[in-house]
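Just so it is clear, none of the values below were taken in a lab; they were calculated from the coordinates. Quick caveat: nothing in here was measured; it's all calculated off a predicted structure. Counting neighbours? That spans all protein chains shown, and the Cβs are built from the backbone with ideal geometry, glycine included.
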Amino acid sequence: MISSPCECSPTKSERWFDDFIGRLRADQIQLETEMASKATQSLYKIMISDNADDIVMYGRQMGSEYFLKNLVFDYVTETVKMDCKPKKLAFFHTSSRLLVWAEINDNDEPTEDKLLLAEAKVNAKYHRFGFHVSSTILEKCDEFKVPDQYQLFLTD
């Protein structure tokens, strides 16, 4: 009797679980042989502890890192696509917000508009996840220095 493809082929769900279990077993071997990275060791230490608060906090931290990294990347990508050239650009972040410090030439409304548009585009993409960009745009004549907590990304 010839079997149909449905009887022989694993479902997408079965393939996912098989792959997941395989990755868990590989991690287990790495942990037991002390070959696992520090990040992997930390993850499993938290998971094995069974402390719900620590597990949720770890997930929150990893989520924040993921989204904030993408916020910066997408914001910079948008400014490059628009050929936006501020005099200075610096970033600072909280757990859910990317703060942008931008200095532009005096009366440079096109650059200001591009920075605001980049902010709006990124916010439109990430607001549903609870992350957003908030910009401070200053003109050169304002003569403010970039606050110490910001990391300078661009300076002319």
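Principal-axis analysis of the Cα atoms of the chain puts helix 52-81 at an angle of about 50° to the longest axis. The loop-placed GluC sites (Glu not before Pro) in segment 1-75, going by DSSP, that have at most 16 neighbouring Cβ atoms within 10 Å of their Cβ come out as E34. A simple spin-label model places pseudo-atoms 7 Å from Cα toward Cβ; at K12 and C141 they are separated by 5.9 nm.
Of the chymotrypsin sites (Phe, Trp or Tyr not before Pro) in segment 73-156, the ones in a loop by DSSP (not H, G, I, E or B) with at most 16 other beta carbons within 10 Å are F144.
For the chain, the longest principal axis of the alpha carbon atoms and the long axis of helix 12-32 meet at an angle near 90°. Enter the angle in degrees (range 0 to 90, nearest 10) between the Cα long axis of helix 109-126 and the first principal axis of the Cα atoms of the chain, meaning the one along which they spread out most. Computed tilt is about 20 degrees.
Please give the direction-averaged projected area of the C-alpha convex hull for the chain, in square nanometres with one decimal. Taking a quarter of the hull surface, the average projection is 15.6 nm².
Positive contributions from Lys and Arg (+1) and negative ones from Asp and Glu (-1), summed over other residues with Cβ under 13 Å from the Cβ of K87, come out at -4.
May I ask for the net charge around T33, where only other residues with Cβ less than 14 Å from the Cβ of T33 are counted and Lys, Arg are +1 while Asp, Glu are -1? Around T33, the charge tally is -2. Working from Cα pairs under 8 Å separated by at least six residues, relative contact order for the chain is 21 percent.
Remark: M82, M35 ranked as M35, M82, counting other beta-carbon atoms within 10 Å and listing the fewest first. In plain terms, the residue of H132, H93, H127 with the fewest other Cβ atoms within 10 Å comes first and the most crowded comes last, giving H127, H132, H93. Let me check I've understood the local charge: for L117, count other residues with C-beta under 11 angstrom from its C-beta, Lys and Arg +1, Asp and Glu -1. What total comes out? Net local charge, L117 excluded: -1. For the chain, build the charge dipole from Cβ charges (+1 Lys, Arg; -1 Asp, Glu) around the Cα centre, then report which of S64, L89, L138 sits farthest towards its positive end. Farthest along the dipole direction, towards plus: S64.
Taking K145, K12, K114 as the candidate residues, the one with maximal mean-square fluctuation in a Gaussian network model of the chain, Cα springs under 10 Å, is K12. Mind checking the dipole of segment 62-155: about its Cα centre, +1 per Lys or Arg Cβ, -1 per Asp or Glu Cβ, Debye to the nearest 20? Roughly 460 debye, rounded to the nearest 20.
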